[in-house]
2 protein chains.
Amino acid sequence: MCQYSKVPPSQLLPVIDDRLACCTPLAREPMTVEQAATAAELLKAVADPVRLRLMSMVLSYEGGEACVCDLGEGFDLSQPTISHHLKVLHDAGLLDREKRGVWVYYRARPAAMAALGDLFSTDLGL
Amino acid sequence: MCQYSKVPPSQLLPVIDDRLACCTPLAREPMTVEQAATAAELLKAVADPVRLRLMSMVLSYEGGEACVCDLGEGFDLSQPTISHHLKVLHDAGLLDREKRGVWVYYRARPAAMAALGDLFSTDLGL
DNA sequence: TTTGAATATTGACACACGTCTATGTCCTAT
DNA sequence: ATAGGACATAGACGTGTGTCAATATTCAAA
């Protein structure tokens, strides 16, 4: 629980990102070396139980965003460790970050989520 | 290219697996610790550029299966390293393995692929 | 301006991971 | 029975990763 009393103010504007519109579905044709490298970076960021839970918490919070002070709970981990995991997700382009006063809010980037979804999509091209 | 002359015989029967029907979508509610652990194992297996390309090659091969002798090409890696990566994918439940004569054929497990797809699915529940 | 709280950064450490060489196993053809 | 090829396993080695304690930074309240 946050120990400060002020209420988080506004919603974040959705951020549009095209850096990740690279990921072909896994199943249609062999990936190129570059596609595989890019996709693997994304997947490595998310391939950790703590980071998966963090992503899932951010996504299911009201407004799709969450304060670090709320995210830290439920983990038996030190504050720097949580901060580290959030940084990994942010550096991979999966989470957006906004500081409001003393707090920092994280929000999932739709483009990155879509890129992950596309990787494992099974629709046959139409 | 395979150095043996015999032609790969039959198709594999599709394998039905329920061990992986565990993965809730990431976005609807916070994952449990167990869900995150299971999903992270799957993701870690696939979060490597070589393994991504291997998966993609297997999936896009005719009949959805591929011989190790064909998979090894296109990589600047030793045969044991390719074998190691295939084992990782197999141990994670992503690839099925069948030995036919001297060759070994790998085939993607639909249930595991579906589990990965579900993780990042954005459909809202219906 | 000083204090205290929220978060990030740094540096250290143990462990996991990707790769290789060397070797083993299993199958087929001779 | 033997030889050779396809694939797996074992062991070694360097690098990457998750974690922590300690410290720095930034902001708000008093």
> What is the residue count in region A:38-85 for residues that are over 24 Å from A:ALA111 (Cβ atoms), open to solvent by 30 Å² or more (accessible area, probe 1.4 Å) and not in a helix (DSSP H, G or I)?
Replying inline: 5
>> Of everything in region A:91-112, what is away from chain B (no Cβ under 14 Å) and open to solvent by 40 Å² or more (accessible area, probe 1.4 Å)? Give them in sequence order.
In response: A:ASP91, A:ARG97, A:GLU98, A:LYS99, A:GLY101, A:VAL102
>> When you check A:VAL88 against the structure, is it in contact (Cβ under 8 Å) with a residue 24 or more places away in the chain, within 11 Å of DNA strand D (Cβ to nearest atom), more than 8 Å from chain B (Cβ to nearest Cβ) and not in a helix (DSSP H, G or I), yes or no?
In response: no
> Does A:ARG51 satisfy being under 11 Å from the mean Cα position of the chain (by Cα) and more than 22 Å from B:MET113 (Cα to Cα)?
Replying inline: no
> Here are some residues: A:ASP76, A:ASP118. Which one is more than 13 Å from DNA strand C (Cβ to nearest atom), within 22 Å of B:LEU42 (Cβ to Cβ) and among the acidic types (Asp, Glu)?
Replying inline: A:ASP118
> If a residue has to be within 6 Å of DNA strand D (Cβ to nearest atom) and more than 17 Å from the chain's Cα centre (by Cα) to count, how many in region A:69-85 make the cut?
Replying inline: 3
> Quick one: B:LEU116 ticks every box in (1) within 14 Å of chain A (Cβ to nearest Cβ); (2) part of a helix (DSSP H, G or I); (3) within 10 Å of the chain's Cα centre (by Cα) bar one, so which box is it?
Replying inline: (3)
> So which pairs qualify, if the first residue must be in region A:39-62 and free of Cβ contacts under 8 Å to residues at least 24 places away in the same chain and facing chain B (nearest Cβ under 8 Å), the second must be open to solvent by 30 Å² or more (accessible area, probe 1.4 Å) and among the acidic types (Asp, Glu), the Cβ gap must be under 7 Å, and the two must be at least 6 apart or on different chains?
Replying inline: A:ALA40/B:ASP48; A:SER60/B:GLU29
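The values are calculated or read from the model by the stated rules, or taken from the named source; none is laboratory data. Keep in mind the model is a prediction, meaning the values are calculated, not measured. Counting neighbours? That spans all protein chains shown, and the Cβs are built from the backbone with ideal geometry, glycine included. The protein model used for the area step is the full one, side chains on, heavy atoms only, and it has no ligands, DNA or RNA in it. Shrake-Rupley method; radii C 1.70, N 1.55, O 1.52, S 1.80 Å.
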